[in-house]
1. Report, in debye and to the nearest 20, how large the dipole of chain A comes out about its Cα centre when Lys and Arg carry +1 and Asp and Glu carry -1 on their Cβ.
2. Treat every Asp and Glu Cβ in the protein assembly as shown as -1 and every Lys and Arg Cβ as +1, leave all other atoms uncharged, and give the resulting dipole magnitude about the Cα centre to the nearest 20 debye.
3. When Cβ neighbours within 10 Å are restricted to other protein chains, what is their mean count per residue of peptide B:247-256?
4. List the residues, sorted by chain then number, that are 5 or more residues from A:Glu39 or on another chain and whose placed amide H is less than 5 Å from its amide H.
5. For chain B, with all protein chains present and a 1.4 Å probe, just round the carbon and sulfur fraction of the accessible area to a whole percent.
6. Return the FRET efficiency for the residue pair B:Asp440, A:His73: r is the Cβ-Cβ distance, R0 is 35 Å, and the value is rounded to the nearest 0.05.
7. Which three lengths, in whole Å and largest first, does the stretch B:250-358 cover when its Cα atoms are put on their principal axes?
8. From Cα pairs below 8 angstrom and at least 6 apart in sequence, can you work out the relative contact order of the stretch B:2-99, rounded to a whole percent?
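The values are calculated or read from the model by the stated rules, or taken from the named source; none is laboratory data. Quick caveat, the model's predicted, so the values are computed rather than measured. Neighbour counts are summed over all protein chains in view; Cβ atoms, including those assigned to glycine, are modelled from backbone coordinates with ideal geometry. We work out accessible area using only protein heavy atoms, side chains counted, and drop any ligands, DNA or RNA first. Shrake-Rupley method; radii C 1.70, N 1.55, O 1.52, S 1.80 Å.
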Amino acid sequence: MRTDDQPTGPSASAPYRFAEQHTPPAPVRVSEVAQTTFEHVYEVDPRLMEVHVLQQVFPNWDTLRIMRSRADHLAWMHTHFAEKVITGSEILAEIERESTPVPPPL
Amino acid sequence: MTITEPAGPIGTAPFTTEPLSDDRLTALVRALRPVLADDQILLAKTDRYNRARVPAPFPVHRWAERVPDVVVMPTSTEQVAAVVRIANEMRIPVVPRDGGTGLTDGAVPHRRGIVVDVKKMNQIHELDLVNRTVTVGTGISMMKLNERLAKHGLFYPDDPASYPCSLVGGRIGTSGWSLIGSRYGHTRDLVLSFDHVLPTGDVLHVGDGIGRKISKSSSGYSLKHLFMGHQGTLGIATKATLKLFPKPEAELSPFWAFDNYEDAHACTGALARAGVATFAGAVLFDEHKVAYLRRDDEAYIPQPADVRALVCSVMYGYEDEVRAGGKRLFRIAKEHGARYLGDEISEGDWAARHDRYATPLHGRTKDGQVIPMSWHCEDAAVNFSAVPAVSRAWHEILADLRRKTDVFDDWGMFAYTSAATGVDYLTEIDVGIWEQRLDDKAWAAWVKAKRDIGAVALAHGGSMSACHGSCREGEVDLVPEELGRGFDVMLDVKRSLDPNNIMNPGKYLLDRAYGRDTTDENR
Ligand SMILES: Cc1cc2nc3c(=O)[nH]c(=O)nc-3n(C[C@H](O)[C@H](O)[C@H](O)COP(=O)(O)OP(=O)(O)OC[C@H]3O[C@@H](n4cnc5c(N)ncnc54)[C@H](O)[C@@H]3O)c2cc1C
């Protein structure tokens, strides 16, 4: 996730309904050991959290809050270290432009 | 050899880990009262237990053995000097402590006594905009300092992965390593000078020559390096003058994927050797690190299976220079078969590097179940050419441990450039440790593994630590081997500056300076 984006999902001021809050989106398996619920929210496969550490139930707003505050934290770090971030894709595009031969004038 | 323990304040501090007797404690507190206010002398159990450990995993059932008798929180050099004088007269150990993030037990009071916590000395004393320096109390964090400096367009670029919570004095005590040191230098290059309280309580100004704001002098011995990286065994830095830079206009931090480790290693070397002025560092992630990240890190879980190694590079400077340098580094990466991982990962992961406390604090048993784990990091300084061989040998050591027990989990390795020319790398292996299960047997196995890890670095012409220090059980055993005759010089220096062995005793085998080898005691 780009640090200036925010994860999708209800905003912090949305009305609180218990059942709704405790029903995360249906999980989608993304690897042997992980699944997603909200976009960008990854979770350990619950089958791996059955013996020593049990998975906790978070209301949706809290899951999203954690994700959002992480994004805030990373954005803060960028501006703390430099006035501006240059993206790699801009640099790649510049290299591409420079390496494209300019057609001869007609 | 027969050794007679000193009975009272004659000879050195006793080589004991027992708490002070009630009488001695009462006498100590009575002596401290005229020097410090009541709220600067902490005796509560919580205050003392919280300053008894550092983040590096250790057998927690032995926590109570290293709790200080008293914690003091001085606010000035004079107060620190007075406390140290009292300790020296009473032969009571003194341990300097700053952020307490050090990973080699430096701030752990192995012989109890007084912990001098310098966090209240966090003032900015002088900002010199003309000569570009700032003078601060050593209890300030780089993050808080930079928040203040940003208002002046300035920046103090000491950037460990503990950036928000390690403090200037701890950086001096460890002679720390910075993520962006390839552009700006490391703590030893950035600290110009400091006031320092010697183990006798005398105050010394340490710098190049006698200068406060001098970056290069040829006058006398170069004492600055001696009084950095000593892990608090030679005294306490109280006020430091630091070199400042313009706050960077731009940052670029591309991450690239490789389908094999060899190409990634070659690429890292080529990036570092390119001589790009804005190049602040490159990091190589090996296959084990990628495998580890695929378990739990949102950025890496979705990566295709042919991503086996990674390289990131970071540049800081004016926008036009960063763009020009960035193009050169992108071309080099492409020549080595790199695939750009995209802006999201590149920006997010770099921003997260300044604060590695965010490491997921769990690992896996061999059958894949999640377990709570603490993070440990063994580091060494290794030449570029030796990084692959050291990595292979270290993973074998870890694999051997893991075959025996689930207490340890190999979390992979990073190799970070230490210098702009790419000569040497901070090579680190991250290890998950199930601290609650770290019984004496598992601890002994770990200490042996640490010793083996250190020995591999030495066998490849490296040094056992690029940033944390080598004080902990295991690696400390090899310090005399690493330093050779230099270790005898360490003993001579220690004895002459700390005649009573009160300053952070029990570290770095320095008890040998007082005729006592405590290497195997309390293990
Ligand atoms: C998540 C994490 C990431 C890390 N990343 C890095 C990294 O990238 N680079 C790096 O170099 N280190 C790193 N470290 C290790 C640690 O942060 C550094 O060693 C740091 O310099 C310690 O600073 P501190 O303020 O926490 O010192 P402390 O842990 O309090 O003390 C460290 C040592 O210095 C001595 N000391 C403390 N204050 C003084 C003083 N005023 N005068 C003299 N001696 C003193 C102590 O006695 C001790 O021996 C990391 C640690 C963690 C937990």
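1. It works out to roughly 300 debye.
2. 1280 debye
3. Details: counts 4, 4, 4, 5, 9, 8, 7, 6, 1, 1.
Averaged over the peptide's residues, the number is 5.
4. Those qualifying (amide H under 5 Å, at least 5 residues apart or on another chain) are A:Thr8.
5. Ligands and nucleic acids excluded, carbon and sulfur reach 52 percent.
6. Details: r = 39 Å, r/R0 = 1.11.
Efficiency at R0 = 35 Å is approximately 0.35.
7. That gives 38, 29, 19 Å along the principal axes, largest extent first.
8. 37 percent
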